[in-house]
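Novice: Before I ask anything, let me first share the structure, which is written out below as structure tokens.
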Amino acid sequence: MNVSMQDAFNLGWKLAAVLQGRSPASVLLTYSTECQAVAQELIDFDREWAAMLSDRSRSDAAAAQKYFVQHGRYTAGTATLYKPAVLTGAATHQVLATGLLIGIRFHSAPVIRIGDGKQLQLGGSFLADGKWRLIAFAGRNDAGASGSPIATLCHFLTASPESTVMRFTAPGAGIDAVIDVRAVFLQSHYLLVMTALAELLFPAKGCHGLRDYEKAFRAIAENNDMEN
Ligand SMILES: Cc1cc2nc3c(=O)[nH]c(=O)nc-3n(C[C@H](O)[C@H](O)[C@H](O)COP(=O)(O)OP(=O)(O)OC[C@H]3O[C@@H](n4cnc5c(N)ncnc54)[C@H](O)[C@@H]3O)c2cc1C
């Protein structure tokens, strides 16, 4: 089980956020709430697993193997589910993204970075730098051009005073200093034109205004259709 690694990460980013003045100290209390619930689940699982292995009347190797495989993601520590609280939203809008369970670790997937055509893991492209990340998944026909849903979202995020990005980013700070917005498209990366995307997806940053071309990706289908 790797739960301690997640717990360490959980506490690490919260400590950094509080020490750097980006979050109130009360955010630290969520560590106990989140981790205690998971610890209890682990104790329950261990009890059940131990009973299964020690009960001679149930000594069925195939059933034990099936049980262990079924709980593989759980025992690997990647099925940890944080309940709705200060940091985890309720499942009100879960229907919009059924593949990403609210409260669970963001599962990575292979993608192609549009800026350079490089294949990588989406999760691996996120640095543990304390930023919040907002990942927008484009619809099948959305190539990010002006007027498309992704472009409209980016426009809202950079122009509206109600936008989370604008509300929490200090004037003069980089547009992704607090909230890093990225987009994943379904269109072939040969059809996606980086400079036709909303500027939020290739913002000019730093004192030299260099473009960050690492925010737009193309999802790779399970059959790995790299050629399309
Ligand atoms: C059944 C079970 C199995 C697990 N298996 C694994 C595993 O196989 N691999 C893995 O990576 N992780 C595993 N974990 C998770 C791992 O144990 C935790 O992630 C890790 O222990 C969390 O570390 P911590 O320092 O936050 O808390 P803890 O390890 O709980 O340390 C907190 C310490 O603070 C002490 N304390 C509490 N309150 C006070 C107080 N007021 N004053 C003084 N001291 C206090 C406690 O006594 C305790 O010693 C498992 C957890 C459980 C419950």
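The values are calculated or read from the model by the stated rules, or taken from the named source; none is laboratory data. All values reported here derive from a predicted model rather than from experimental measurement. No Cβ is skipped: glycine too gets one built from the backbone with ideal geometry, and neighbour counts run over all protein chains shown.
Novice: Which ones in segment 1-59 are within 15 Å of the ligand (Cβ to nearest atom) and among the basic types (Lys, Arg)?
Specialist: Step one: filter segment 1-59 for residues within 15 Å of the ligand (Cβ to nearest atom), giving 1-15, 28-51.
Answer for segment 1-59, where residues must be within 15 Å of the ligand (Cβ to nearest atom) and among the basic types (Lys, Arg): Lys14, Arg47.
Novice: Residue check: is Ser160 closer than 21 Å to Leu96 by Cα and hydroxyl-bearing (Ser, Thr, Tyr)? Spell out the reasoning first.
Specialist: Values: closer than 21 Å to Leu96 by Cα: no; hydroxyl-bearing (Ser, Thr, Tyr): yes.
So Ser160 does not fit the description; no.
Novice: Take Leu197 and tell me if it is assigned by TED's automatic domain parsing to the domain that holds Leu127, among the hydrophobic types (A, V, I, L, M, F, W, C) and modelled with pLDDT of 95 or more. Don't jump to the end; show me each part of the working.
Specialist: Values: assigned by TED's automatic domain parsing to the domain that holds Leu127: yes; among the hydrophobic types (A, V, I, L, M, F, W, C): yes; modelled with pLDDT of 95 or more: yes.
When the stated conditions are applied, Leu197 passes them.
Novice: Here is a further query. In this structure, does Leu100 turn out to be assigned to a loop (DSSP other than H, G, I, E, B), without any contact (Cβ under 8 Å) to a residue 12 or more places away in the chain, of a type in the set (A, V, I, L, M) and within 25 Å of Leu201 (Cα to Cα)?
Specialist: yes
Novice: Can you tell me which residues in segment 113-125 are within 30 Å of Leu87 (Cα to Cα), in contact (Cβ under 8 Å) with a residue 12 or more places away in the chain and part of a strand (DSSP E or B)?
Specialist: Those that are within 30 Å of Leu87 (Cα to Cα), in contact (Cβ under 8 Å) with a residue 12 or more places away in the chain and part of a strand (DSSP E or B): Arg113, Gln121.
Novice: To continue, here is another question. Does segment 63-70 include one or more residues that are more than 20 Å from the chain's Cα centre (by Cα), under 25 Å from Ser108 (Cα atoms) and either within 11 Å of the ligand (Cβ to nearest atom) or assigned by TED's automatic domain parsing to the domain that holds Phe126 (or both)?
Specialist: no
Novice: Follow-up question, since we're still on this one. Inspect segment 138-151 for any residue being exposed (fewer than 14 other Cβ atoms within 10 Å of the Cβ), touching a Gly at 6+ places or on another chain (Cβ under 7 Å) and modelled with pLDDT of 90 or more and give the result as yes or no.
Specialist: yes
Novice: Right, here's the next one. Looking only at segment 23-57, which residues are modelled with pLDDT of 90 or more and farther than 21 Å from Thr78 by Cα?
Specialist: Ser23, Pro24, Ala25, Ser26, Val27, Leu28, Leu29
Novice: From (1) loosely packed, with under 13 Cβ neighbours inside 10 Å; (2) assigned by TED's automatic domain parsing to the domain that holds Leu186; (3) over 29 Å from Gln36 (Cβ atoms), pick out the condition that doesn't hold for Phe156.
Specialist: Just one mismatch for Phe156, condition (1).
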